[in-house]
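This report refers to the structure that appears directly beneath it.
Any read-out appearing in this document is the output of simple, stated calculations on the displayed coordinates, not a laboratory observation. Everything numeric in this text was worked out from a predicted model, so none of it was measured. All Cβ positions, even for glycine, are placed from backbone atoms using ideal geometry, and neighbour counts span all protein chains on display.
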Amino acid sequence: MYKLLALVCTMTTASMANPNPTTASVDELRQMVVELQSEVAGLKNEDNHWLNEQRSDQVRSLINDVLADADTRSSLQGGGATAGYKGGGFLQSADGNWKLKINGQLQTRWLYNDADGQDSQHGFEQRRTKVKFSGHVVDPSWVYKIVATWSRGGGSSTEDAWAGKKFDNGSWFKFGQFKANFLRENIVSSSKQLTVERSMLDNAFTYGWTQGLEYGWKNDDMKLVFQYTDGPGQSNTPALTAPTNAWTARAEFRFGEASWKDFDYLTSKAGAKNGWLLGVAYENYDNDNDNDTFEYGNANANESNGWTVDVSYRADGWNVFGYVVETTGKNATNGDEVDSSGWLLQGGMLVNDNVELFAQYQEGEVDGSNMDMDAIRIGFNYWPTAGSNNIKWSTDVAWAGKTITDSGAGTASADWVSSGNGWRADTGTEKDQMLLRTQLQILF
């Protein structure tokens, strides 16, 4: 820097003193320029070295900040959580001890009902809208399930809401609100039925969702389930009401190559393995308040006991399912007893990998009354993606040959009709009611 100033001063003085410089003075100036160039180069190297060190410090600080942020995020995720889709969207801790699985179900339906003596009716409805949460906490043996559903009228409700424990010997324990294990048609999910909707028999004889305790055990060939509950249809109810002691017990026996999971469906599947499932179940309830009755099994009763036997067979591209059910309801006030029974037979067959044709016949009887029921149904299922139940279009048409009654007088009370299955009570002795239903199902 000093030499640069000296050079400037020298050049200025020389030009003023001698406008025509000699060769010697020019050589001297050239030598000074060379020396200055050398010093400037050295200064540049020093500056670059300083800049490189400064830049390195800045980059090193930035990297440390990023790593610290990544460590923080990792700790918030439980040490590296995983997420994805496998039978539903899920979040799971890296060690597998915590898991949340999310599923949903939508069933959009159109119905047409033609009953003699009444105006025909038709329209659309959201038959089922559900969001399901399931998984485990602390470790995979502590399991839970919560299902929120929205009714056709728009109100929300809760179906499943239970916690349970699985044991190493194949047994489990469940506490909360769940579906009763009595009628197999009802046990199978609404998303895996053969027809658009469950039968009128199911409407009369199913326990549906209830609250209580469950203990079960299963091995490769046998399953046993015992439940102590508040009784049929007693979901979302407070504890301090009229006490009801209700029991259901069910045993299932598997034969052949079809797995337990295969029998979760009542539809056919291409390439399915052959297998049989035999089920037997018993129900009993006793309400301690003589003035408080349940409408169950076509009876307004304080007490009830009943049994059912069902058989399922699956093979490559076709299936058959049938059951019989019988219950006796007793009214403690007047001592009346009502025996009610029914049977159902249905089957489906794939005509190709995407389309299944099916047929169903059901018959119900209420002893000593004119409340008997029968109906025949035919239809089809269509899966846009073969082998996947996530998108399914179902259509069926049915005829009821006898007069369909709803409720009754005294203890006997037919329960064939509901807004959920699309049937209506006939007027007087009219019969030959017709019902057409078509439905699109989306599962995620």
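This ranking places Thr229, Thr82 by how few other beta-carbon atoms lie within 10 Å of each, fewest first, which gives Thr82, Thr229. With the gyration tensor restricted to C-alpha atoms of region 111-216, the semi-axes of the equivalent ellipsoid amount to 34, 16, 11 Å, longest first. Using R0 = 41 Å, the C-beta based FRET efficiency linking Trp142 and Asn289 works out to 0.70.
Taken as Cα centroids, region 372-392 and region 333-351 sit 21 Å apart, rounded to the nearest whole angstrom. Taking all Cα-Cα distances within region 361-415, those exceeding 13 Å account for 68%.
Under 37 °C and 0.692 mPa s, how fast does region 80-125 diffuse according to Stokes-Einstein, given a Kirkwood radius computed over C-alpha pairs? Answer in µm²/s, whole number. Once the numbers are plugged in, D ends up at 228 µm²/s.
Here each label is just a point 7 Å from Cα along the line to Cβ, and for Val280 and Asp116 those points are 4.3 nm apart. What's the local net charge at Thr328, with K and R +1, D and E -1, over the other residues with C-beta under 9 Å away? The answer is -3. Sorting 159-170, 410-421 by their mean Cβ neighbour count within 10 Å, with the most densely packed peptide first, gives 410-421, 159-170.
Fully extending the segment from Phe253 to Trp393, taken as 0.36 nm per residue of separation minus the present Cα-Cα distance, adds 47.3 nm. Local charge for Lys431 was computed over the other residues whose Cβ lies under 9 Å away, with Lys and Arg +1 and Asp and Glu -1, and equals -3.
Sorting Asp290, Asp230 from the fewest to the most surrounding beta carbons within 10 angstrom yields Asp290, Asp230. For region 91-118, backbone nitrogen atoms closer than 17 Å to the point 7 Å from Thr82 Cα along Cα-to-C-beta are found at 91-102.
Legend: ranking of residues Glu257, Glu363, Glu283 from fewest to most surrounding C-beta atoms inside 10 Å; resulting order Glu257, Glu363, Glu283.
Please compute P(r) over all alpha-carbon pairs of region 90-443, binned at 10 Å starting from zero, and give each bin as a whole-number percent. In order of increasing distance, the bins hold 5, 22, 33, 28, 9, 2, 0 percent.
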